[in-house]
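A.B. asks: Can you keep this structure in mind? I'll have questions shortly.
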Amino acid sequence: MNGSSSSQSPPHASPQVLHFPLPRESLLGRLPVRRSPMPLRLQPDMPVPLRPPLKVCSPDVCSQNLNPFRKIASSVLDFVEDAVLSPFEKTRDLPKTVDPVFQLAGNFSPVQECPVQHRLEVVGQIPHCLRGGAYLRNGANPLFPPSSRGHHLFDGDGMIHAVTFGSQGQASYCCRYTRTSRLEQEAALGRPVFPKPIGELHGRYGFARLGLFMARTSIGLVDDSHGAGTANAGLVYFNGRLLAMSEDDLPYHVKVDADGDLKTIGRFDFDKQLDRQMIAHPKVDPATGDLHALSYDVLRKPYLKYFRFNRHGQRTCQLDISLELPTMIHDFAITEDHVIIPDHQVVFRLSEMIRGGSPVIFDQTKTSRFMILPKDMHDQSAIQRIDVPDCFCFHLWNAWEEKDERGNTVVINILGSCMDPPGSIFNEYDQNGSAPRIELTKIRINLRSGQVERRPLAQGLNLEAGQVDRKFLGRETRYVYLAIAEPWPKCRGIAKVDLLTGEVTEFSYGRGSYGGEPCYINATCEGSPSSDCGDYLVSYVRDEGREESELVIVRASDMQQVGLVRLPARVPYGFHGIFLRPEELRNQVVCC
Ligand SMILES: [Fe+2]
């Protein structure tokens, strides 16, 4: 799952969701009423009206200067889509996993861009150690909400929501699309033309959509040579660049301006050192500054590549990794000396499309395993592959080693959220609509004996979308902070899990309020430390009853709320976030 993504309808969310701003009383006191922009309504049989066209930034999008032949061909293809394909698509029953009525219900529905809004209302205090920094969170926000076509929440265009904190405790907010090649072209055309890989590519309709896309590409109406990704899932700061990522493309470089606005600099190939897609969860080793990353391919071998860049952005390792099947590898982990890669049972099988299904399937004939790679390896002969049957961790929060007296690694500990049934994000396995079980789990692998122990933690809670202190990524950490993904797919609060004692401390957003991934901030005050220096958690929260969005700030030590920022517009539920410290904002690369 990316953040609080949906595979099913929120149990209490009607497809006919209205958003009327109402007075509300804040958790920390009564506050003035603010009005939010009128959000999208989404109803089962009503095509969603297009919102105002997005201004196209790139001058070289190819749709503007078509010759007469191409204009005719373009019109013919539009007619085929509108008069032939779309009516047929309307006749089919979509599973909830790709039905936009459910995938974009309520606060999962998209919003428009919001320019920077300054001097937001702050209740309580912005801790000093957060001041001068910025919290950014990625998410999927389709520019063209679908009507008859299949749509999965993961298919939406990437939009980043940013709150910047001023030096005097002020707060600003904005949200901007990441200007991907895909988004720019669709905005220029005024219609969606790129296939949605999860929601659309099902059965013969999926083939038809692919055919339309290939036809538009062949006449030069669409250019896929600059990627087709959405950049909607993850965020990482590396070597002076904030990168927005989905796993189907290169990252996009986004800059946070001095006034808190966001500007897409462009698609980033690490100075021509990366020529294929990168997953959305690269890892920055806090000790070395190296960035570790993966790239998987659903069509061509090698299905998986590992690569590493040093802190200066130079590629220092690239390795092909053999896999029997093209496998979805959304996340992985690093330790001090190893890279830990899951090789689970959610795989890509295009032949499933012929039978009318999704190409993303749960393969019960495959044995789930973890691959353990020494960081100093030169070829894949050093990889240990350890079977861990019936294990599916969409996300891994951390991993660390236990060593013998000679410093050799004996045990690898992996901390992840295990989902059952696997792949339930992508396909319906339970016709009754039951939520998947997502259990925080510690997996202990003995590299010498191959023995595996699995220990569920915080039992009884569905825990997903979380973070540890990234300053200690790859090393044993005592606490992990996770979204309580209940009622699925919403998140009702944050759980702080003490891995030493097993104690779980919950922070609740309150009745009718839901958030997403908590972003853990271990910040230090610049200059003289303040009494409120410490560890904090932030998350966007939506009070669904009162129709208001806030950024809540929770002190991690005792899980008490210390402040909130009232936001001027609705912030949809989303995926992964990051906090940029003042020096990281200042040190952003100015030009590429
Ligand atoms: Fe993710």
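The values are calculated or read from the model by the stated rules, or taken from the named source; none is laboratory data. Here the structure is a predicted model, which is why all the values come from computation and not from measurement. Ideal geometry is used to build each Cβ from the backbone, glycine not excepted, and the neighbour counts take in all protein chains shown.
A.B. asks: Between residues in region 392-410 that are in a loop (DSSP other than H, G, I, E, B) and residues that are away from the ligand (no atom under 16 Å from the Cβ), which pairs lie under 7 Å by C-beta distance while being six or more apart or on different chains?
C.D. replies: Filtered contacts from region 392-410: Phe392/Gln345; Phe392/Ser368; Asp404/Val410.
A.B. asks: So if I check each of Thr164, Thr178, which one is at pLDDT 90 or above, buried (at least 23 other Cβ atoms within 10 Å of the Cβ) and more than 30 Å from Ser86 (Cβ to Cβ)?
C.D. replies: From the options Thr164, Thr178, the qualifying one is Thr164.
A.B. asks: Could I ask something else about it? Can you confirm whether region 422-430 contains a residue that is more than 26 Å from Gly289 (Cβ to Cβ), in contact with a Gly (Cβ under 8 Å, 6 or more places away or on another chain), within 16 Å of the ligand (Cβ to nearest atom) and small (Gly, Ala, Ser)?
C.D. replies: So far as region 422-430 goes, no, none of its residues is more than 26 Å from Gly289 (Cβ to Cβ), in contact with a Gly (Cβ under 8 Å, 6 or more places away or on another chain), within 16 Å of the ligand (Cβ to nearest atom) and small (Gly, Ala, Ser).
A.B. asks: If you don't mind, there's one more thing I want to ask. Scan region 59-100 residue by residue and report those that are under 22 Å from Arg182 (Cβ atoms), at pLDDT below 80, surrounded by fewer than 16 Cβ atoms within 10 Å (Cβ to Cβ) and polar (S, T, N, Q).
C.D. replies: Gln64, Asn65
A.B. asks: Here are Gly132, Gly229, Gly169: which of them is outside any helix (DSSP H, G or I) and under 22 Å from the mean Cα position of the chain (by Cα)?
C.D. replies: Only one candidate qualifies: Gly229.
A.B. asks: Pull out all pairs, ordered by first then second residue, where Cβ-Cβ is under 6 Å, the residues are six or more apart or on different chains, the first lies in region 267-282 and is in contact (Cβ under 8 Å) with a residue 40 or more places away in the chain, and the second is within 15 Å of the ligand (Cβ to nearest atom) and in a loop (DSSP other than H, G, I, E, B).
C.D. replies: Phe268/Pro251; Gln277/Asp248; Ile279/Glu247; Ala280/Ala233; Ala280/Ser246; Ala280/Glu247; His281/Asp331
A.B. asks: A further question follows. State which residue is surrounded by the fewest Cβ atoms within 10 Å (Cβ to Cβ) when the search covers only region 101-115 and only residues that are small (Gly, Ala, Ser) and more than 17 Å from the chain's Cα centre (by Cα).
C.D. replies: Step by step, filter region 101-115, then rank; the result is Ala105.
A.B. asks: Kindly evaluate Phe370 against the criterion of being under 21 Å from Leu499 (Cα atoms) and buried (at least 22 other Cβ atoms within 10 Å of the Cβ).
C.D. replies: In short, no.
A.B. asks: Might you let me know whether region 443-463 holds any residue that is aliphatic (A, V, I, L, M), within 15 Å of the ligand (Cβ to nearest atom), buried (at least 17 other Cβ atoms within 10 Å of the Cβ) and modelled with pLDDT of 95 or more?
C.D. replies: So far as region 443-463 goes, yes, one or more of its residues are aliphatic (A, V, I, L, M), within 15 Å of the ligand (Cβ to nearest atom), buried (at least 17 other Cβ atoms within 10 Å of the Cβ) and modelled with pLDDT of 95 or more.
A.B. asks: Could I ask something else about it? Quick one: would you say Pro286 is more than 16 Å from the ligand (Cβ to nearest atom), under 20 Å from His576 (Cβ atoms) and either assigned to a loop (DSSP other than H, G, I, E, B) or under 19 Å from the mean Cα position of the chain (by Cα) (or both)?
C.D. replies: It is true that Pro286 is more than 16 Å from the ligand (Cβ to nearest atom), under 20 Å from His576 (Cβ atoms) and either assigned to a loop (DSSP other than H, G, I, E, B) or under 19 Å from the mean Cα position of the chain (by Cα) (or both).
A.B. asks: Let me ask you something else. Taking Leu262 as the residue in question, decide whether it is touching a residue at least 40 places away in the same chain (Cβ under 8 Å) and either away from the ligand (no atom under 16 Å from the Cβ) or surrounded by 15 or more Cβ atoms within 10 Å (Cβ to Cβ) (or both).
C.D. replies: It is true that Leu262 is touching a residue at least 40 places away in the same chain (Cβ under 8 Å) and either away from the ligand (no atom under 16 Å from the Cβ) or surrounded by 15 or more Cβ atoms within 10 Å (Cβ to Cβ) (or both).
A.B. asks: Among residues belonging to region 289-314 that are within 16 Å of the ligand (Cβ to nearest atom) and of a type in the set (Ser, Thr, Tyr), point out the one that is farthest from His344 (Cα to Cα).
C.D. replies: The residue in question is Ser295.
A.B. asks: Starting from residues that are among the polar types (S, T, N, Q) and at pLDDT 95 or above, keep the ones in region 385-415 and report whichever is surrounded by the fewest Cβ atoms within 10 Å (Cβ to Cβ).
C.D. replies: Within region 385-415, the match that is surrounded by the fewest Cβ atoms within 10 Å (Cβ to Cβ) is Asn413.
A.B. asks: In addition: Filter region 289-321 for residues that are within 24 Å of His395 (Cβ to Cβ) and hydroxyl-bearing (Ser, Thr, Tyr) and give the result.
C.D. replies: Scanning region 289-321 gives Ser295, Tyr296, Tyr303, Tyr306.
Okay, residues lined up against (1) part of a loop (DSSP other than H, G, I, E, B); (2) among the small types (Gly, Ala, Ser); (3) over 24 Å from Val410 (Cβ atoms); (4) within 23 Å of the chain's Cα centre (by Cα):
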| site | (1), (2), (3), (4) |
| --- | --- |
| Ile443 | no, no, no, no |
| Arg454 | no, no, no, no |
| Glu464 | no, no, yes, yes |
| Lys471 | no, no, yes, yes |
| Arg475 | yes, no, no, no |
| Val497 | no, no, yes, yes |
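A.B. asks: For region 172-194, what are the residues that are in contact with an Asp or Glu (Cβ under 7 Å, 6 or more places away or on another chain), hydrophobic (A, V, I, L, M, F, W, C) and outside any loop (DSSP other than H, G, I, E, B)?
C.D. replies: Listed by number, the residues that qualify are Cys174, Cys175, Leu183.
A.B. asks: Something else about it: Identify, from the list Ile198, Ile219, the residue that is at pLDDT below 95 and under 21 Å from Phe575 (Cα atoms).
C.D. replies: Ile198
A.B. asks: Continuing with this model, one more query. From the list Val565, Val541, which one is more than 16 Å from the ligand (Cβ to nearest atom), β-branched (Val, Ile, Thr), within 30 Å of Pro145 (Cα to Cα) and in contact (Cβ under 8 Å) with a residue 60 or more places away in the chain?
C.D. replies: Checking each option against the conditions leaves just Val565.
A.B. asks: I would also like to ask the following. Could you check region 320-339 and list, in sequence order, the residues that are surrounded by 18 or more Cβ atoms within 10 Å (Cβ to Cβ), over 20 Å from the mean Cα position of the chain (by Cα) and either among the β-branched types (Val, Ile, Thr) or assigned to a strand (DSSP E or B) (or both)?
C.D. replies: Within region 320-339, Ile321, Thr335, His338, Val339 qualify.
A.B. asks: Quick check on my filter: what residues within region 232-252 are outside any loop (DSSP other than H, G, I, E, B), within 22 Å of Glu583 (Cβ to Cβ) and more than 16 Å from the ligand (Cβ to nearest atom)?
C.D. replies: Once the filter is applied, which keeps residues that are outside any loop (DSSP other than H, G, I, E, B), within 22 Å of Glu583 (Cβ to Cβ) and more than 16 Å from the ligand (Cβ to nearest atom), region 232-252 yields Tyr237, Phe238, Arg241, Leu242.
A.B. asks: May I ask you to verify whether Ala483 is within 21 Å of the chain's Cα centre (by Cα), within 16 Å of the ligand (Cβ to nearest atom) and part of a strand (DSSP E or B)?
C.D. replies: Criteria met by Ala483.
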